[in-house]
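Throughout, read-outs are computed from the coordinates displayed, never taken from laboratory work. A quick note: this is a predicted structure, and the numbers were derived from the prediction, not measured. Glycine also receives a Cβ, built like all others from the backbone with ideal geometry; neighbour counts cover every protein chain displayed.
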Amino acid sequence: MTTINTVLGPIAPEELGFVAIHEHIGYGMPGSELDTTWWKTPEQRYEETVPKLRKFHENTLSYGGATFVDATGICNGRDVNYYQSLSEKTGVHIVASTGFVGGDTALPFFERASVDYLTAQFIHEITVGIGNTGGKAGIIKVGVSRGFKMKELDLRIYRAAARAALETGVPIFTHLAVDAEPAVEIFAEEGLPLDRVLFGHADDGVSQGKVRDRWIAEQGGRIGFDTFGYDLELPDPPFWGRPRQERLEHFLGYLRDGLVDSVLASADANCSPLGWPGVKGHTVNYLFETLFPALRENGVDEATIHRIFVELPADFLTMQPHSTQTRAAATA
């Protein structure tokens, strides 16, 4: 099944064009919609979001398309009807997520759910649709809870995600690449090839010293350099910020060492943050405005940029179901 689920229906890999692999239309913690301090009307959210997506579309014209992968999981402000309207309005393909940003963002109903229940939930949202929207998820989100250590619920979610990924063929991306050893073990036990997993935020400021990103790459996992733009040079940097040049050198190290095919990149920007003020001025378009000029100044050619933002994400996002025979062989 060589297609990718978008909120407006399946498309072929060649239609994706440029892919921002880890972004947010609007992310918030459970309950943020009840906090009147940050509550926004639909009109305010549109006013904040549409210009950013239209600019993204303009920036990607030479790539033949624009794809925005929304990393907002269940319980975090995911709104597929809204995504469908935005996609129609801006021409940007939007890929929605099933799964959870981390176990600590799952509401009690899901917190008590079994692996089988969670697996069925993910598969339903990928093959039938999310709620009554008709929009199907194209990727599964999982994550490490606060404290940088996998909790029991995180492990349950990871195992359910592995089973759903094998059944449907969609890939998985993670929130944080820390404490990856239990995740790698679960994926191996379930027979999921590790190149179907993108270990995210390996480049953020809070992960440094805690993430074994080169080890993950050696195991076959993909590494997400997906917090570009969260720089400590900002007037009011977030706690996960990092010096701009330090992050860039981290990324360039992979390219210089011939590990281009191990990486995917993005900005993890929030078009219209929910329940928190966000980072002023940071958008997905940082990739074009700041990152690409810096890469070119450091000798990165257009073919490499095209591979990281067009070819590799198309391969990653394309559904690749694994047969029961393949799964049985992997776990034998």
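Run lengths n ≥ 4 of DSSP H only: what is the helix-derived mean residue ellipticity at 222 nm for the chain, with -39500 (n - 2.57) per run over all residues, to the nearest 500? Provide the component values of the computation, followed by the final result.
Details: 12 runs with 119 residues, N = 332.
Calculated at 222 nm, the ellipticity per residue is -10500 deg cm²/dmol.
Starting with the highest mean, order 238-246, 221-229 by the number of other Cβ atoms within 10 Å, averaged over the residues of each peptide.
Numbers: 238-246: 15.6, 221-229: 25.6.
Ranked from most to least packed, the peptides come out as 221-229, 238-246.
Taking the Cα centre of the chain as the origin and placing charges on Cβ (Lys, Arg +1; Asp, Glu -1), which of VAL101, ILE4, LEU291 is farthest toward the positive end of the dipole?
Farthest towards the positive end: VAL101.
Only four residue types carry charge here, +1 at the Cβ of Lys and Arg and -1 at the Cβ of Asp and Glu. Report the dipole size of the range 4-331 about the Cα centre in Debye, rounded to the nearest 20. Show your work: numbers first, answer last.
Values: 29 positive and 44 negative charges, 86 e Å.
Approximately 420 debye in magnitude.
Express in whole angstrom the spacing between the alpha-carbon centres of the range 35-87 and the range 178-215.
Cα centroid to Cα centroid, the span is 27 Å.
Please give every one of the lysines within straight-line cross-link reach of LYS151, meaning a C-alpha to C-alpha distance under 18 Å, and leave out same-chain neighbours fewer than 8 residues apart.
LYS141, LYS210
The range 4-331: D in µm²/s via Stokes-Einstein (Kirkwood Rh, Cα pairs, 37 °C, 0.692 mPa s)?
Result for D is 168 µm²/s.
What residue among VAL279, VAL92, VAL142 has the largest mean-square fluctuation in a Gaussian network model of the chain, using Cα springs under 10 Å?
Looking only at VAL279, VAL92, VAL142, the biggest GNM fluctuation is shown by VAL279.
What residues from the range 96-140 fall in the zone where the backbone N is under 20 Å from a label point 7 Å along the Cα-to-C-beta line of THR3?
96-98, 122-140
Less than 9 Å Cβ to Cβ from HIS201, Lys/Arg counted +1 and Asp/Glu -1: what total charge do the surrounding residues give? Present the calculation step by step, with values, prior to reporting the outcome.
Values: positive: none; negative: ASP203, ASP204, ASP226, ASP268.
Net charge in that neighbourhood comes out at -4.
As a test, work out the antiparallel percent of DSSP beta bridges whose residues both lie in the chain, rounded to the nearest 5.
Numbers: 3 of 26 bridges.
Roughly 10 percent of the beta bridges in the chain run antiparallel, per DSSP.
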